[in-house]
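Let me begin by presenting the structure, written as structure tokens, before commenting on it.
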Amino acid sequence: MPNSAYFRTPPADTGALKSTEWIGTALRDLRALPHEPRRTFGYAIHLAQLGRHHLAAKRLKGAFAVTREIATSKHDVAVIRERWQRAKAHYAAHHTDREE
């Protein structure tokens, strides 16, 4: 997947993009997806970097539950929880001083 798909350079009128930091195998997993879902995720990540969200994006609610139509496997929920905890710890260690 070309680096340009990650939108590392913002268009002139959008301001600075928030950085993207990959946890665990997330980037490798994204790259393993077929072309169209990979493009959709790339665009959704770009929007998140701008502080916006993709229309198809849904927040995980409660204990990382998802929509009624789709059940998430216990393994996937465990991976999400573990990556979320690692991401929070990484952010606290590397980025909290920027907001003060």
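The values are calculated or read from the model by the stated rules, or taken from the named source; none is laboratory data. Just so it is clear, the model here is predicted, and its values are computed rather than measured. Surface areas here come from the heavy atoms of the whole protein model, side chains and all, with no ligands, DNA or RNA. Shrake-Rupley method; radii C 1.70, N 1.55, O 1.52, S 1.80 Å.
Ranking 19, 73 by solvent-accessible area of protein heavy atoms (1.4 Å probe, all protein chains present), from largest to smallest, gives 19, 73. Amide H to amide H, with H built 1.01 Å from N, residue 72 comes under 5 Å of 66, counting only residues 5 or more places away or on other chains.
Counting only heavy atoms of the protein chains and using a 1.4 Å probe, residue 50 has close to 40 Å² of accessible surface.
Taking all protein chains as they are arranged and a probe of 1.4 Å, the heavy atoms of residue 81 leave approximately 100 Å² accessible to solvent. Full extension of the segment from residue 94 to residue 32, taken as 0.36 nm per residue of separation minus the current Cα-Cα distance, would add 19.5 nm.
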